[in-house]
Amino acid sequence: MSNVTRKHTALPKAQILIEALPWLTRHRGKTVVVKFGGNAMIDAELKAAFAQDIVFLHHAGLKPVVVHGGGPQISAALDRHGIVSEFKAGLRVTTEDAMDVVRMVLAGQVQRELVGLLNQHGPLAVGLTGEDAHTITATKHRPTIDGQLVDIGRVGEITAIDTGAIEALLADGRIPVVSSIARSQDDGHVYNVNADTAAAALAAALDAETLMVLTDVEGLYEDWPNSDEVISRLTATQLEKLLPELASGMVPKMEGCLHAVRNGVTTARVIDGRVQHSILLEIFTDEGIGTMVVPDDEEAGDAE
């Protein structure tokens, strides 16, 4: 390879690195909460790319915190145990038996795998659940269906967050990986909590700069299903107006984004977890992908 050819192949790499510089400067030292889910959680290549992205954020001086659920894995495990999966109001009905399986899958399988992938890159990740050090406390959630309160078992509504353990891990240069299980505020049980909701609550309590939620869509669509134009940026109030029209799977994600920016988080983003390295593209390039939600007082351009 001649020197001229080498320069030509190296230059684009240098330009890509330099494009990241203002973002590196801006995000350094900031906490980023990332909700891991969807296809990125099942596909081996996407999982590996996700782990690389999180480790990259860590080495770039950010403080990533990963929060995960495990819907598909829980459903598969319940099937194996002969427990029927039932959903009401978009939430999994969680009996006592089902809760044992949920806890086992989240803390013993999904979290372990993620911690293992991250730790291929060094002694970085530490797994915990919301039960550890009172990180997430919940009380029984009873959704309303057709005007009636419905009992869906051990599904929790978050009542308190204690960030002490997570902050201690971050101060020690570690990457916390949090399973969305909560301790009970009142009855000695544990609760299954929606991972989108848990990530948003943690982002607010940690005073994170950014909440990122991985999904299996490109972002929030302008006029689905008539158009696949993605809304790239909207304010909290604009999002609030759209909530009633959203598909049920998007509701906890967008409600989480709304909660985050209304409670001190600078930006909340829904990004396409089917795209390898979507986290890096979103944080370190000018062409952010997905949908970004900002607080109402953000003037256009401030949060770019």
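Please tell me the relative contact order of the stretch 171-304 in percent, rounded to the nearest whole number, where contacts are Cα pairs under 8 Å and at least six residues apart. Please report the intermediate quantities before stating the final value.
Numbers: 209 pairs, mean separation 37.2, N = 134.
Relative contact order of the stretch 171-304: 28 percent.
For the stretch 43-56, the Karplus equation 6.51 cos²θ - 1.76 cosθ + 1.60, evaluated at θ = phi - 60°, returns couplings of 6, 4, 5, 5, 4, 5, 5, 4, 4, 4, 4, 5, 5, 4 Hz by residue, with Gly and Pro reported as x. Per residue, the accessible area of the stretch 137-225 comes to 41 Å², computed with a 1.4 Å probe over protein heavy atoms only. Listed by chain and number, the lysines placed with their C-alpha closer than 17 angstrom to that of Lys253 are Lys35, Lys241; residues fewer than eight positions away on the same chain are left out. Each Cα pair under 8 Å and six or more residues apart adds its sequence gap; the mean of these over the residue count of the chain is a relative contact order of 20 percent.
With the charge dipole of the chain set up from +1 on Lys and Arg Cβ and -1 on Asp and Glu Cβ about the Cα centre, the Cα lying farthest toward the positive end among the listed residues Val155, Leu117, Thr137 is that of Leu117.
Relative contact order for the stretch 156-218 using alpha-carbon pairs under 8 Å, separation at least 6, rounded to a whole percent?
Averaging sequence separation for qualifying contacts and normalising by length gives 32 percent for the stretch 156-218.
Taking a ≥ b ≥ c as the square roots of the eigenvalues of the Cα gyration tensor of the stretch 147-271, is the shape rounded (a/c under 1.5), prolate (a/b larger than b/c) or oblate?
Judged from the Cα gyration tensor, the stretch 147-271 comes out oblate (a/c at least 1.5, b/c at or above a/b).
A straight line joining the Cα centroids of the stretch 84-102 and the stretch 149-169 runs 17 Å. For Val193, the solvent-accessible surface computed with a 1.4 Å probe is close to 10 Å², ligands and nucleic acids excluded.
Just check the chain against the gyration tensor rule for me: Cα atoms, a ≥ b ≥ c as the square roots of the eigenvalues, rounded for a/c under 1.5, and otherwise prolate or oblate depending on whether a/b exceeds b/c. Verdict is prolate for the chain.
By definition, a body whose alpha carbon gyration tensor gives a ≥ b ≥ c is prolate when a/c is 1.5 or more and a/b is larger than b/c, and the stretch 78-130 fits this prolate description. The portion of the accessible surface of the chain made up by carbon and sulfur, rounded to a whole percent, is 52 (1.4 Å probe; DNA, RNA and ligands excluded).
A 1.4 Å probe, protein heavy atoms only, puts the accessible area of Arg28 near 150 Å². Residues Thr266, Thr215 ordered from highest to lowest accessible area at a 1.4 Å probe: Thr266, Thr215.
Karplus-derived 3J(HN,Hα) values for the stretch 154-164, using 6.51 cos²θ - 1.76 cosθ + 1.60 with θ = phi - 60°, are 7, 9, x, 10, 5, 10, 7, 10, 10, 8, x Hz; glycine and proline are entered as x. Could you let me know the centre-to-centre spacing of the stretch 179-201 and the stretch 7-48, using Cα atoms, in angstrom? If you average the Cα positions of each part, the centres end up 30 Å apart. In a fully extended conformation the segment linking Val150 and Ser232 would gain 25.9 nm over its present Cα-Cα distance, using 0.36 nm per residue. Measuring with a 1.4 angstrom probe and ignoring ligands and nucleic acids, Lys253 comes out at about 30 Å² accessible.
Across the stretch 179-196, coupling constants 3J(HN,Hα) worked out from phi with the 6.51/-1.76/1.60 Karplus curve, θ = phi - 60°, read 7, 7, 10, 10, 7, 8, 6, 10, 9, x, 8, 10, 10, 7, 10, 4, 5, 5 Hz, and Gly and Pro carry x. Calculated mean residue ellipticity, 222 nm, the chain: -11000 deg cm²/dmol, from DSSP H runs (n ≥ 4) at -39500 (n - 2.57) each, averaged per residue and rounded to 500. Round to the nearest 10 and give me the degree value, 0 to 90, for the angle of helix 3-19's Cα axis relative to the longest principal axis of the chain. For 3-19 against the chain, the angle is about 40 degrees.
Placing a label point 7 Å from the Cα of Asp100 along the Cα-to-Cβ direction, the residues of the stretch 65-83 with a backbone N closer than 14 Å are 78, 81-83.
The values are calculated or read from the model by the stated rules, or taken from the named source; none is laboratory data. This structure is a prediction, so every number in the text was calculated from the model and none was measured. Backbone-built Cβ (ideal geometry, glycine too); neighbour counts: all protein chains shown. In case anyone asks, the SASA skips ligands and DNA or RNA and just uses the protein heavy atoms, side chains included. Shrake-Rupley method; radii C 1.70, N 1.55, O 1.52, S 1.80 Å.
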